[in-house]
1. Run down A:Val50, A:Val42 and say which single residue is at pLDDT 90 or above, within 17 Å of B:Ala83 (Cα to Cα) and more than 8 Å from chain B (Cβ to nearest Cβ).
2. Only helices (runs of 4 or more DSSP H) wholly contained in the range B:100-175 count here; list those with 1 or more residues that are out of contact with any strand residue (DSSP E or B) (no Cβ under 7 Å at 6 or more places or on another chain) and closer than 14 Å to B:Ile349 by Cα.
3. I want to confirm something. Restricting to the range B:201-224 and keeping residues that are surrounded by fewer than 16 Cβ atoms within 10 Å (Cβ to Cβ) and assigned to a helix (DSSP H, G or I), which single residue is farthest from the other protein chains (Cβ to nearest Cβ)?
4. Please work out which one of (1) buried (at least 17 other Cβ atoms within 10 Å of the Cβ); (2) more than 14 Å from every other protein chain (Cβ to nearest Cβ); (3) of a type in the set (Gly, Ala, Ser); (4) on the phi < 0 side of the Ramachandran plot is the condition B:Gly36 fails and give its number.
5. Quick check: anything in the range B:79-87 surrounded by fewer than 20 Cβ atoms within 10 Å (Cβ to Cβ), part of a helix (DSSP H, G or I) and not small (Gly, Ala, Ser)?
6. Looking at B:Leu185, is it away from chain A (no Cβ under 11 Å), assigned to a helix (DSSP H, G or I) and surrounded by fewer than 22 Cβ atoms within 10 Å (Cβ to Cβ)?
7. Which members of the range B:305-337 meet the condition of being surrounded by fewer than 21 Cβ atoms within 10 Å (Cβ to Cβ) and aliphatic (A, V, I, L, M)?
Amino acid sequence: MAMRFIKYLAALPFLGILVGVPLLNQVEPLVLGMPLILAWIVLWIILTSVIMTIIYLCDPANQNAPGAEQ
Amino acid sequence: MSAALVIIAVTIVAVLLLGLRARHGKDMNLEQWTVGGRGFGTILVFVLMAGEIYTTFTFLGGSGFAYGHGAPAFYILCYGCLAYALSYWLLPPIWRYAKQHRLIAQPDFFARKYDSPALGVLVAVVGIVALVPYLVLQLKGLGIIVNAAAYGTISPTLAIWIGAVVVTAYVMVSGVHGSAWTAVLKDTMILAVVLFLGIYLPIHYYGGYEAMFTAIQAEKPGFLALPPQGESLAWFDSTVLLTALGFYMWPHTFGSLYTAKEERAFRRNAALLPLYQLILLFVFFVGFAAILKVPGLKGPDIDLSLLRLSLATFDPWFIGVIGAAGVLTALVPGSMILMASATLLANTIYRCSTRR
């Protein structure tokens, strides 16, 4: 049941990149040596992996034994 | 024969042998040839999907785009990431339908789903028209890489001929098995080379990333953010969104999803592939490092920034390793494009026209 809500987390990367990048389009301050806009994009790439992992773990479709899926 | 040339030649022979050997133990039929008998696990699906995305464009174009355009290059990092999030829900139903109806190419899906062979032919024609320049791009990149890494002793034309013959040979013999196994070699090598270059070059020339970006910002203010005009914020958002939505429309990408053994492979990859995108970050670092060290490349020459900076930095044997990795980024996607277009042409267009 948790999946019903958790799947909406996948909308966050779209917001982070399509809305976030225009808001943070600047070079300074450098973050971890990278321009702010680049660091922000890298952050969202990592977060996308984290979010998709959470969704994967919560999705009942992945919990069946291999081959038992429809 | 220079050390670089020996390493490149050995790699090309290794690809050929690996590609031919991939057929071993398979009873070859059309389903085996195009979609590997639908028996690929998460790892092979991963390298296939990653294999067709990390092409010569990534290697030369990614660094060249960062060198010549600056921040707009970041869009290449973004669209894949969004496409992978979508793939979690997009690919499993397509895979299920394809398995159920034993589809082998992209047009089959549309022809069957909409019960219209004509739509299948249209999809195949559009696919082929899109694939031809993409294949040309790979081969042209191959010519540039070999020519540069061989210090001009091999002409681009000769390199392209050799590459095209090798790819055609192993695609004909092994089909998608050849692409998958050579993709394993390619991804290992490109990962090592790009990580090394992206870390070593900025530190070697500038002392670190912070110093490098500070120097670029001082030399070219605003280059590291999206400009107000041209490749602007509106350009960025629309390009990222459009490219993310169209990501799986490439016939060779669409076709490679049929190779999976189970649909969980896609969901796992939806979590893994975004991280893999970070290879591109290191490609960009190389392009940025080149800005102040090999300045003055203009127009199409910006694509040479990685090779020029490498030539100015490393011994011939390491240029050979870089060149070999570059050759692989051309051959592996080239093989998948070749296979997809052959399937489109033979299975959809030719078969459909002879049936009438």
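1. Within the list A:Val50, A:Val42, the selection yields A:Val50.
2. Correct list: B:106-113, B:117-149.
3. Just the residues of the range B:201-224 that are surrounded by fewer than 16 Cβ atoms within 10 Å (Cβ to Cβ), to begin with: B:203-204, B:207-208, B:210-211, B:218-222.
Imposing the further condition that a residue be assigned to a helix (DSSP H, G or I) reduces the set to B:203-204, B:210-211, B:218-219.
Values: B:Ile203: 11, B:His204: 15, B:Glu210: 4, B:Ala211: 8, B:Ala218: 11, B:Glu219: 12 Å.
The qualifying residue farthest from the other protein chains (Cβ to nearest Cβ) is B:His204.
4. Failed condition: (4).
5. Scanning the range B:79-87 turns up at least one residue that is surrounded by fewer than 20 Cβ atoms within 10 Å (Cβ to Cβ), part of a helix (DSSP H, G or I) and not small (Gly, Ala, Ser).
6. Details: away from chain A (no Cβ under 11 Å): yes; assigned to a helix (DSSP H, G or I): yes; surrounded by fewer than 22 Cβ atoms within 10 Å (Cβ to Cβ): yes.
Answer is yes for this residue.
7. B:Leu311, B:Ala312
One line per residue, one yes/no per condition, for (1) at pLDDT 80 or above; (2) within 15 Å of the chain's Cα centre (by Cα):
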{"site": "B:Asp27", "(1), (2)": "no, no"}
{"site": "B:Leu30", "(1), (2)": "no, no"}
{"site": "B:Leu48", "(1), (2)": "yes, yes"}
{"site": "B:Phe57", "(1), (2)": "yes, yes"}
{"site": "B:Pro72", "(1), (2)": "yes, no"}
{"site": "B:Ala83", "(1), (2)": "yes, no"}
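The values are calculated or read from the model by the stated rules, or taken from the named source; none is laboratory data. Quantities reported herein were computed from a predicted structural model and do not represent experimental measurements. Using ideal geometry, Cβ is built from the backbone for each residue, glycine included, and neighbour counts are taken over all protein chains shown.
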